Amino acid sequence: MAMSSRSYKLGDVAEFVRGITFKPEDVISIDEDDVVACMRTKNIQRDLDISDVWGLPSRFVRRKDQLLRVGDILVSTANSWNLVGKCCWVPELDWPATLGGFISALRPIGDKIDGRYLYRWFSSDIAQPQVRKCARQTTNIANLSIEQCLSLEIPLPIISQQKRIANILDHVDDLRRNRAEAIALLEELLSAHFTNLFGDPNNNPKKFPSVSLGELIIDGPTNGLYKSADFYGDGTRIMRINNFYDGVVNDQSTLRRLVVNTNELEKYRLCQNDIVINRVNSREYLGKSALVPELEEKTVFESNMMRLRLDKSRISPVFCIKFLQTAFIRRQIAMMGKDAVNQSSINQSDVRSLQIILPPIELQRVFEAYVAASDSIKEKQFAHRDELNNVFTAFQQKFFRNRHGSEYAETQLYHDEMPKRAAG
C-alpha cells in the first residue's frame, strides 16, 4: 500500500506563540504562590529539561495562549546559529508554564495535522537545515524569522497516515534511547567497579601509596606538532583535541590529515596505549585525556596536546586513564590551570606533578580485564545503536523528503526486521 501526500505551508497548519518578556529581577522561586514556570533556551534539550526552571508571577502571562499546552513544540528562536530551531516536545507538566522571550511554541492549528507528526517533521534532519536557513545572523546571535519559517513546506498525508508515521518514528526513537541508556548503565557499572576495587581517591580508604604521575612515565610528556593550515588536507592522520572525550578516542575516520616529514612522524607518532592530555582549552575541558587505541594508520598529534608513555610494569594504562577522569584529578588540574584571555593551560611539569593513587599492579590488571569485558559488550551496543540511527534516518528520508503528490511506500522492514534488530 502506498501513501499519497500533499504539501502545505507550515503556516497553514501551525502557528508560533512568541515568548513573554521580563527582567532578571522578576524571577522568583517556582515553589512560591501564584507563580508560573517559565521555560527558556536552556530547557530545550532532546527532551524538555525541567531540572532548572525559573518562576515568574502569574501576572506576566497576559493571554491564555501564552500558557504551554501538552503537545506544544518549544523552539529556540534566538540563539547561536547552530542552535536556532532546536526543539523539544512539551509533555504534561506539574504546574502551569509559559515561555521566555528567546523561544517560541510551535502549535498545530486546524484538523489537517497531527501534533506528533508535526514534531517529528520539525525535529527531523530534513526540516532542521531548512529552519536554520530562516535565521538572520547578527554579531553574536541568530534570530529565527517566524514569517519565513511559516512559509516552509511540509508534506501532509491524511491524518491516519500521519499518526502511523509518527508512531513508527517514536518506536524507533525509543529503541535508540534504550541503547543509549544501556551504554550509560555500562559506564555507571564501570565507575562503580572502579570505586569498589580502589576506593574513593579523595580519602584513599584502602591506603594505597600516592605517587606523582611523573614517577610512572618513561617517555614524555611531549607537546604535539604545530603546522599551519597550508599543510592540512592530505597525508598523515593527526589527532586533535576534538577527537576525544571522557577517555575515549572518537571514530578514527574523522581524523584530519596533514603533510609531515620523516623526522616529524618519528617524533610525534602515536602508539597504542599512549595517553594524550589536552594542555590548552577552556577551564571546563582543560586536561581532558584519552587512551590511544589500536590505530588503523600512522597518526601524529597536534600542539594543543601532550603525549606520555607509562611504565606498564607499575601502572596499567587502562587504570591510569580511568583515574585521570576522576574528580580527584580534575580538581588538581583546576588548581594548576593558568588563565589567559579566552583559555587556560597546563604545562609538562604540571602533568608530571599530578598525584596518583597506586594500587598493586595485580589489582589494576583485574580492573583492566573488567574494562575489556565491558568494552566488548559496549561494542555490540554501539553497533546496534548505529544501526538504529541509520534506520531512523532512512525513515525520515522516506517520510519527509518529498513534496507534492509524493508516494510514501510502506516498509516491511519496520514490521519484520525491527523486532529482530531490537532484540540483537
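The values are calculated or read from the model by the stated rules, or taken from the named source; none is laboratory data. Keep in mind it's a predicted model, so treat the numbers as computed, not measured. Ideal geometry is used to build each Cβ from the backbone, glycine not excepted, and the neighbour counts take in all protein chains shown. In case anyone asks, the SASA skips ligands and DNA or RNA and just uses the protein heavy atoms, side chains included. Shrake-Rupley method; radii C 1.70, N 1.55, O 1.52, S 1.80 Å.
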Checklist outcome for this item: Quick calc: nm separation of the 7 Å Cα→Cβ label points for residue 267 and residue 338 -> 2.1
Checklist entry - Hey, if we sort 40, 136, 283, 307 by accessible area with the 1.4 Å probe, largest down, what's the order? => result 136, 283, 40, 307
Item to check | the range 14-114, dipole about Cα centre (Lys/Arg Cβ +1, Asp/Glu Cβ -1), debye to the nearest 20 | outcome: 540
Checklist entry - Hey, what angle do you get for helix 327-336 against the long axis of the chain, alpha-carbon based, 0 to 90 degrees rounded to 10? => result 80
Checklist entry - In the set (1) 46, 27, 23; (2) 59, 31, 17; (3) 33, 28, 22, which value of semi-axes √(5λ) of the Cα gyration tensor in Å was calculated from the structure you see? => result (1)
Checklist entry - Length gain on complete extension for the stretch residue 151 to residue 60, per 0.36 nm per residue less the alpha carbon to alpha carbon distance? => result 29.7 nm
Checklist entry - Using Cα atoms only, what is the angle between the long axis of helix 361-400 and the major principal axis of the chain, expressed in degrees (0 to 90) to the nearest 10? => result 30
Checklist entry - With all protein chains present, how much of the accessible area of the range 1-58 (probe radius 1.4 Å) comes from carbon and sulfur, to the nearest whole percent? => result 46
Next on the checklist: List the residues, sorted by chain then number, that are 5 or more residues from residue 145 or on another chain and whose placed amide H is less than 5 Å from its amide H.
Outcome noted: 135, 136
Checklist entry - Roughly how many Å is it from the Cα centre of the range 197-222 to that of the range 291-320, as a whole number? => result 17
Next on the checklist: Going by amide H atoms built from the backbone, whose H comes under 5 Å of the H on residue 302, apart from near neighbours?
Outcome noted: 225, 239
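Could you sort 208, 231, 399 by their accessible area in this structure, using a 1.4 Å probe and putting the largest first?
231, 208, 399
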Checklist entry - What accessible area, in Å² to the nearest ten, does a 1.4 Å probe give for residue 384? => result 40
Checklist outcome for this item: Rounded to the nearest 10 Å², the 1.4 Å probe accessible area of residue 313 is 80
Checklist outcome for this item: The ³J(HN,Hα) series, computed from each phi in the range 59-67 with the Karplus coefficients 6.51, -1.76 and 1.60 at θ = phi - 60°, rounded to the nearest Hz and given as x for glycine or proline, is 5, 5, 8, 9, 10, 4, 6, 7, 7
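Using only the heavy atoms of the protein chains and a 1.4 Å probe, how would 41, 77 rank by accessible area, largest first?
The most accessible residue leads, giving 41, 77.
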Item to check | Backbone HN-Hα couplings from phi across the range 305-322 [Karplus 6.51/-1.76/1.60, Hz, Gly and Pro as x] | outcome: 10, 10, 10, 9, 10, 9, 7, 6, 6, 10, 9, 6, x, 5, 5, 4, 5, 5
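All other residues with a Cβ under 9 Å from the Cβ of residue 163 taken together, and with Lys, Arg as +1 and Asp, Glu as -1, what is their net charge?
It works out to a net charge of +1.
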Next on the checklist: I'd like the carbon and sulfur percentage of the solvent accessible area for the range 236-373, probe radius 1.4 Å, heavy atoms only, ligands and nucleic acids excluded.
Outcome noted: 50
Next on the checklist: Under the rule of at least 5 residues apart or a separate chain, name every residue whose amide H is placed under 5 Å from the amide H of residue 247.
Outcome noted: 289
Item to check | Angle between the chain longest axis and helix 159-198 axis [Cα atoms, degrees, rounded to 10] | outcome: 20
Checklist entry - Under a 1.4 Å probe, what is the accessible area of the range 106-218 per residue, stated in Å²? => result 47
Item to check | Cleavage-rule hits (GluC sites (Glu not before Pro)) in the range 253-284: DSSP loop, at most 10 neighbouring Cβ within 10 angstrom | outcome: 284
